[in-house]
Amino acid sequence: MARGLAALLLALLPVADAFAQGGGLPALNVSPAPGGGQSYSLSLQVLLMMTALTLLPAALLAMTAFTRIVVVLGLLRQALGTGGTPSNQILVGLALFLTLFVMQPVFERVYTDAAKPYLDGQMQFEPALAAAAKPIRGFMMAQTREADLMTFAKIAGNDGPYADPDSVPFAVLAASFLTSELTTAFQIGFLLFIPFVVIDLVVASVLMSLGMMMLSPVIISLPFKLMLFVLVDGWALVMGTLASSFVMPS
């Protein structure tokens with residue numbers, strides 16, 4: 001996992017490359033001002049770098065298994081009917097750890113094929129970036145439905161099929177990947193909802209037959225849903241199913 005985390009630092013290679021060339025990235029530009037003073041202006045390079053860093057986490061999460069995992073966990077919480085328990089922070093943390101486990105082979109390839117050669121000075125930035133993008137694109141393509149790919153290709157103005165996966169524009173692939181991940185997450189969420197909906201229906205029917213219509217079925221069904229989830233070792237089952245639902249490229 002340490003290598004996988006190190007591979008993520010490849011996105012910061014333009015900054016390291018600029019420092020390696022000796023020029024650096026000046027944080028401030030100083031110029032003479034009228035009256036003998038000095039004026040300071042923030043470097044445009046630094047501004048662009050900081051803007052890219054703010055968008056980097058969202059971009060990384062959008063290109064990994066995180067989307068499917070966190071959506072399924074959110075739907076599972078709604079199916080259980082536990083309100084805000086577990087909290088969003090817990091679900092996001094669990095999704096991040098599971099994402100690292102799922103994406104570890106991909107991150108290992110990024111580190112081996114791109115990050116390590118670049119940091120060792122054996123590869124220039126542009127070839128390293130292309131080498132790092134290849135396993136990421138392979139993972140995204142393996143999860144993407146062809147119908148979603150054709151839909152976004154049409155939106156982008158390219159109706160014809162692509163000759164090979166490498167010819168798919170990255171913007172089209174990223175949008176298609178996110179759409180396919182949401183579809184898969186909703187399918188898994190539907191299957192998770194079924195047993196809990198059955199419990200709610202049974203409890204509601206029993207309460208109506210007993211004439212206890214003033215008692216909320218949620219109060220009675222929640223302990224049964226929690227008991228069922230614990231008895232079947234629900235968390236381990238859901239985590240294992242999510243991890244095995246991803247298709248890893250060869």
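The values are calculated or read from the model by the stated rules, or taken from the named source; none is laboratory data. Everything quoted here is computed from the prediction, not taken from an experiment. So basically every Cβ, Gly included, is an ideal-geometry build from the backbone, and we count neighbours across all protein chains shown. Remember, those area values only see protein heavy atoms, side chains included, never the ligands or the DNA or RNA. Shrake-Rupley method; radii C 1.70, N 1.55, O 1.52, S 1.80 Å.
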What list of ³J(HN,Hα) couplings, whole Hz, do you get for the stretch 64-79 from phi and the Karplus terms 6.51, -1.76, 1.60, once you set θ to phi - 60° and write x for glycine and proline?
10, 7, 4, 4, 4, 5, 5, 5, 5, 5, x, 5, 4, 4, 5, 5
Take the alpha-carbon positions of the stretch 62-103, form their convex hull, and give its projected area averaged over all directions (one quarter of the hull surface) in nm².
2.7
In terms of solvent-accessible area of protein heavy atoms at a 1.4 angstrom probe, what is the ranking of I188, I69, I220, I194, highest value first?
I194, I220, I188, I69
Provide the per residue accessible area, probe 1.4 Å, for the stretch 163-241, rounded to a whole number of square angstrom.
62
Run the simple label-point estimate for V232 and Q89 please: 7 Å along Cα→C-beta, distance reported in nm.
3.1
With contacts defined as alpha carbon pairs under 8 Å and 6 or more residues apart, what's the relative contact order of the stretch 116-250 in percent?
26
Here the tail fraction of P(r) beyond 15 Å, over all Cα-Cα pairs of the stretch 76-166, rounds in percent to 73
What percentage of all Cα-Cα pairs in the stretch 91-250 are separated by more than 20 Å?
66
Can you give the extra length, in nm with one decimal, that the chain gains between F186 and A147 once fully stretched, where that is 0.36 nm per residue apart less the Cα-Cα distance?
12.4 nm
